[in-house]
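Reviewing the structure listed below.
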Amino acid sequence: MEVPKIQTAIPQRRYQFGEYSGVVLGEIESTDAVKYRYILALVRAGESRPGFYVTSEKNPRGRAHEGSHRLRVITQGLDEEIESSDRWENLDDFCEQAFVVAAKVLGLADEQPVRLA
């Protein structure tokens, strides 16, 4: 699994999602060629590292007509772009859709993300 190579980031929100704890990161600097706007990283209970990511990535100039950012999911055996939209630049829109994607991929349709203080 090719995970984001985060050097620095600022946590924006924290969540509990079923057996996963999650953090949404912003102001991300990485060694990747990708320009991340936000990253949702989910860690399964009992594990020490995230095993599931949803990212909002700036689209290259040649794809800007599709939307300013693309939504991508990264987990073991899956690295797939979901869709491009200007919405993924907005924190609320990103969080909402990231958990919809996570619920589908992780089979957590009965769970609701709980935002932690």
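Read-outs throughout are calculated quantities, based only on the coordinates presented, and are distinct from any laboratory measurement. Note that the coordinates shown come from a computational prediction; the quantities given were computed from them, not determined experimentally. Note that each Cβ is placed from the backbone with ideal geometry, even for glycine, and that neighbours are counted across all protein chains shown.
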As I understand it, the value is the acute angle between the Cα axis of helix 91-106 and the longest principal axis of the Cα atoms of the chain; what does it come to in degrees, rounded to 10? 60
Contact order relative to length of the chain, as percent, for alpha carbon pairs under 8 angstrom and 6 or more apart: 23
Within the range 1-75, trypsin sites (Lys or Arg not before Pro) in DSSP loop having at most 12 other beta-carbon neighbours inside 10 Å: K5
Residues whose placed amide H lies under 5 Å from that of R13, excluding near-sequence neighbours: V24
Regarding the chain, what are the three Cα extents along the principal axes, ordered largest first, in Å? 41, 31, 28
Segment L91-I6, length gained on full extension (0.36 nm per residue, minus Cα span): 28.8 nm
